[in-house]
Amino acid sequence: MDDLRQTYIDLIANAPDEATLEDLRLRAVGKKGEISLKMRELGKMTAEERQVAGPALNALKDEINSALAAKKSALENAALDERLRSEWLDVTLPSRPRRAGTIHPISQVTEEVSAIFADMGFAVAEGPQIESDWYNFDALNIPGHHPARAEMDTFYTHRAEGDERPPHVLRTHTSPVQIRSMQDQGAPIRIIAPGRVYRADYDMTHTPMFHQIEGLAIDKNISMANLKWVLEEFVKAFFEVDDVELRFRASHFPFTEPSAEVDIRCSWEGGTLKVGEGDDWLEILGSGMVHPHVLRSGNVDPDVWQGFAFGMGIDRIAMLKYGIPDLRAFFDSDLRWLRHYGFAALDVPTLRGGLSR
Ligand code: DAH
């Protein structure tokens, strides 16, 4: 019995896994196990023999059973430790954000406008935000004494002491990109130029930095009729309406002749804007036929070429389209505002897929 005991205690101690252990259990204390068979022999023994062998066999069975149980839980613990080691996870790492960042309405509207004009053959052009006084004013037929200079509340940069050249300005409009594009590409040309512009002004509807989009189309026989068609197509696509009425109001800009401000028919019923119906008119842009002086500044011959230009406030049309009441909130970087008015990053505006969803 001592041999039997020693054999199984050793085997159990060295069992490498639970399957081996189960095997040993059956061999020792299972129904046909060695110890069970020995217990059956108790019946053939004399009463005296049984009194000795019985308790001894029971004790052996108990000992083996508890050795099996101890080994089993040791194997289970080892397996658990191994799993914990291999499936290790740093719970102090930051969690994945539940929501990614959003596209700012200004970026969204810039993309929308660009998609619409791209569809009509306009390329996107750019110019610097710090602009020379010549590009911002003179080249656009706004000479030094012109009241438009004073009206624009221009930000000027500093020149070094004794430097007599006129200071650079933060561009007050995107119109200088007309000149730069004509100089770079010549005619014919069809561009839009979205970007930041600056004026010293601040209230509910003005911020010192805001956004415009410039348009320019020069060719040999472009007329006001083309301007009107392009703007109508734009407004219908942008406000996502089938029909819209535009009103061209005679106006004056130094860089266009004739000049027109363009209003769209709308209603404000119930405090919300509806484009294309109602009795109100809403001014959305300035436009006109490019002045010969401006063509000349761009090295384009006004006897051969002509065309139209327009300039529109991006912030303004973004407020109108998406019902944003206060311009200043655009630039506060308030996360709650950005989440509310922002656009999903992967919803790129296209005419086919929809401008805004
Ligand atoms: N540059 C003008 C402004 O900032 C807007 C403008 C008006 C642009 C008429 C144009 C235009 O190209 O033709 O107020």
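The values are calculated or read from the model by the stated rules, or taken from the named source; none is laboratory data. As the structure is a prediction and not an experimental result, all values here were calculated from the model. No Cβ is skipped: glycine too gets one built from the backbone with ideal geometry, and neighbour counts run over all protein chains shown. Ligands, DNA and RNA are stripped out before the accessible areas are found, and what is left, the full protein with its side chains, is counted by its heavy atoms. Shrake-Rupley method; radii C 1.70, N 1.55, O 1.52, S 1.80 Å.
Cβ-Cβ distances below 9 Å connect the following pairs, each with a first residue in segment 343-357 that is exposed (fewer than 14 other Cβ atoms within 10 Å of the Cβ), a second residue that is part of a loop (DSSP other than H, G, I, E, B) and of a type in the set (Ser, Thr, Tyr), and a separation of six or more residues or different chains: 344/102; 345/102.
Residue-wise test of (1) hydroxyl-bearing (Ser, Thr, Tyr); (2) open to solvent by 40 Å² or more (accessible area, probe 1.4 Å); (3) closer than 30 Å to residue 140 by Cβ.
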| residue | (1), (2), (3) |
| --- | --- |
| 276 | no, no, no |
| 284 | no, no, yes |
| 288 | no, no, yes |
| 297 | yes, no, yes |
| 306 | no, yes, yes |
| 311 | no, no, yes |
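Looking only at segment 296-311, how many residues end up being in contact with a Gly (Cβ under 8 Å, 6 or more places away or on another chain) and within 13 Å of the ligand (Cβ to nearest atom)? Step through it out loud before you land on a result.
Taking segment 296-311 and keeping what is in contact with a Gly (Cβ under 8 Å, 6 or more places away or on another chain), we get 299-300, 308-311.
With within 13 Å of the ligand (Cβ to nearest atom) added as a condition, the list becomes 308-311.
Count: 4.
For residue 41, the criteria (1) assigned to a loop (DSSP other than H, G, I, E, B); (2) not assigned by TED's automatic domain parsing to the domain that holds residue 329 hold in every case but one, which is (1). Out of 211, 206, one residue alone is within 22 Å of residue 146 (Cβ to Cβ) and in contact with a Lys or Arg (Cβ under 8 Å, 6 or more places away or on another chain). It is 206. Selection of segment 165-175 for residues being touching a residue at least 12 places away in the same chain (Cβ under 8 Å), away from the ligand (no atom under 12 Å from the Cβ) and either open to solvent by less than 40 Å² (accessible area, probe 1.4 Å) or in a loop (DSSP other than H, G, I, E, B) (or both) yields 166, 167, 168, 169.
Kindly indicate which of 257, 261 is within 16 Å of the ligand (Cβ to nearest atom), farther than 21 Å from residue 314 by Cα and in the same structural domain as residue 308 (by TED's automatic domain parsing). Can you show your working first?
Values: 261 fails: farther than 21 Å from residue 314 by Cα.
Result: 257 is the single residue among 257, 261 that is within 16 Å of the ligand (Cβ to nearest atom), farther than 21 Å from residue 314 by Cα and in the same structural domain as residue 308 (by TED's automatic domain parsing).
For segment 236-259, check the following and say yes or no: at least one residue is among the charged types (D, E, K, R), in contact (Cβ under 8 Å) with a residue 12 or more places away in the chain and open to solvent by less than 50 Å² (accessible area, probe 1.4 Å). No, segment 236-259 has no match at all. The residue list 223, 181 contains one member that is small (Gly, Ala, Ser) and either buried (at least 19 other Cβ atoms within 10 Å of the Cβ) or within 13 Å of the ligand (Cβ to nearest atom) (or both), which is 181.
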